[in-house]
Amino acid sequence: MHNDIALFSELCDELFKEETNQPVAKPIPTSELYNQIDLSLNQNGVMDDVFKDTLKKVIKSTPKTASKSFFNQLFGGRIGKATLGDLLAVMLNNSMYTYKVAGPQVGIEKQVLKNICELAGYSKDSDGTLAPGGSMSNMMALIMARDFKNETIRAEGLSKPMTLYTSEASHYSIAKNAALTGIGKNQVRLVNTNSKGEMLSKHLEELILQDISNGLQPFFVNATAGTTVLGAFDDIKAISKVCKTHNLWLHVDGAYCGGVIFSKTYKHLIHGLELSDSFSVNAHKMLGTPLSCSIIVTQHKDQLHHSFSNEADYLYQTDGDDFNLGKTSLQCGRRNDALKLWTLWKSVGTNGLEKIVDKQFEMAQIARDYINKHKDYTLYSFDNSISVCFNYKGISANELCTALYENSELMVGFGTFNNNEFIRMVTINSLLDKNDILNFFETLETFVLTHSLKVSTT
Ligand SMILES: *Cc1c(COP(=O)(O)O)cnc(C)c1O
């Protein structure tokens, strides 16, 4: 094992070198992948030096999400104290289902959940768990809401169509989860948004009333704190009012930007969160921990238990249910995803997490200021969002992003809203500074100057 730790350390040095020297790895076409790197698995193992050499090749060609040129997705960067926690979780290798096999690790998860509940403004009866990602957190919310409406469904299955509501700008996992849970994709009502991508609560109520008059059973509303494309925040307070009137479960999907609970400056964006029934947040997005660290909390502790516990005498042999976390989990064996957030939180404090969140908004403002000052750019996103959406010189966003990637210049993605296609630059890496943001634009402009690209027709 000690040899492997030494090798690991050597490989990390290699990775750090690559991140600096070649921040956007040269992409390998899929048709070439197995020719360029020997990924084969064979009857006999390989010699140590071949093994090491192969790993270095894999590292060299793997996209560098912690580099200063990565703006592609809703995660990025590497915060040492969080990575340390995740490495420790691998070394300790506990499973979170019982206190007997996880010991203080259980206390760590419970502490993280307790503090998140407090920051969300949730009551003392709140609890939560960690799921393998925001999509699964949303699924847990959906299941709790389904069972909350009708407790016989767990045993008998659905007997009558149930309908749920989410905005047209929300994450695709809502519809996918409707399919997975037997609710059905066709029972998902897409609520219209305003020009900023925020759900229209008036339209929400219209859709609910229509379903009720058709004899259907509305049960669940998903509001989003940070929509995937524009980073918009739904008006939780207004939506909650509709939910209370019709007795519907309100979930707030904060996978992307729920981290604003840590910020005194930006907490107003989730005004009314304390009125929701459940809330999810991905620490691997705004809080900068490694993938994945997805938290789901609810004000209905009993419902979490009712929906997810199954008796298993072979497993739960000691300690109270409160410390046997398998009783409230989607999974059986489960790695400790809370530890990486805990090590970060412990070391920098709540104030440190606030700085991490605020920095991302600051960097986004710098990017928007730059775009607004330069007339070759068109801005499509809004204030208070860390998704900066824009076009440059009317060039096709798809084509420009692809060319930047294929030429190892920048990793950035594109999106669409209201029939506009644009580049979506995400300033989620809190380790970046103003110069890195300005460098992004300079790289893009120099690239366009030296390459011929099609002007978009949209
Ligand atoms: C990223 C995201 C999800 C999905 O989270 P995963 O961890 O990728 O499964 C859900 N909702 C929103 C709003 C997101 O941005």
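The values are calculated or read from the model by the stated rules, or taken from the named source; none is laboratory data. Values in this document were obtained by computation on a predicted structure and should not be read as measured data. With ideal geometry, Cβ positions are generated from the backbone for all residues, glycine too; neighbour counts draw on all protein chains shown. What goes into the accessible areas is simple: the full protein's heavy atoms, side chains included, and nothing from ligands, DNA or RNA. Shrake-Rupley method; radii C 1.70, N 1.55, O 1.52, S 1.80 Å.
Please work out if Tyr405 is over 30 Å from Pro29 (Cβ atoms) and buried (at least 17 other Cβ atoms within 10 Å of the Cβ). No; evaluated as a whole, the condition is false for this residue. Restricting segment 176-225 to residues that are of a type in the set (Val, Ile, Thr) and in a helix (DSSP H, G or I) leaves a set whose member that is nearest to the ligand (Cβ to nearest atom) is Ile208.
If you check Ala179 against the conditions, is it aliphatic (A, V, I, L, M), open to solvent by 10 Å² or more (accessible area, probe 1.4 Å) and free of Cβ contacts under 8 Å to residues at least 24 places away in the same chain? Please lay out each step first, then the result.
On the way: aliphatic (A, V, I, L, M): yes; open to solvent by 10 Å² or more (accessible area, probe 1.4 Å): yes; free of Cβ contacts under 8 Å to residues at least 24 places away in the same chain: yes.
Yes.
Within segment 389-414, residues that are on the phi > 0 side of the Ramachandran plot reach partners that are of a type in the set (Val, Ile, Thr) and part of a strand (DSSP E or B) with beta carbons closer than 9 Å, at six or more positions or on different chains, in the pairs Lys393/Val455; Gly394/Thr378; Gly394/Val455.
The number of residues in segment 73-103 being more than 30 Å from Thr227 (Cα to Cα), small (Gly, Ala, Ser) and in a loop (DSSP other than H, G, I, E, B) comes to 2. Checked against (1) outside any loop (DSSP other than H, G, I, E, B); (2) over 20 Å from the mean Cα position of the chain (by Cα); (3) not assigned by TED's automatic domain parsing to the domain that holds Met96, Asp383 meets all criteria but (1).
Just to be sure I understand, how many residues within segment 104-122 are open to solvent by 10 Å² or more (accessible area, probe 1.4 Å) and outside any helix (DSSP H, G or I)? Final tally of qualifying residues: 2. Does Gly215 satisfy the condition of being open to solvent by less than 60 Å² (accessible area, probe 1.4 Å) and without any contact (Cβ under 8 Å) to a residue 12 or more places away in the chain? Yes; evaluated as a whole, the condition is true for this residue. With respect to the conditions (1) of a type in the set (D, E, K, R); (2) more than 22 Å from Gln299 (Cβ to Cβ); (3) not in a helix (DSSP H, G or I), Asp125 lacks only one, and its number is (2). Evaluating Lys26 against the criteria (1) open to solvent by less than 90 Å² (accessible area, probe 1.4 Å); (2) in contact (Cβ under 8 Å) with a residue 12 or more places away in the chain; (3) of a type outside the set (A, V, I, L, M) leaves one unmet condition, (1). Using the structure shown, decide if Met140 is in a helix (DSSP H, G or I), within 16 Å of the ligand (Cβ to nearest atom) and open to solvent by 20 Å² or more (accessible area, probe 1.4 Å). Against the criterion (in a helix (DSSP H, G or I), within 16 Å of the ligand (Cβ to nearest atom) and open to solvent by 20 Å² or more (accessible area, probe 1.4 Å)), Met140 does not qualify.
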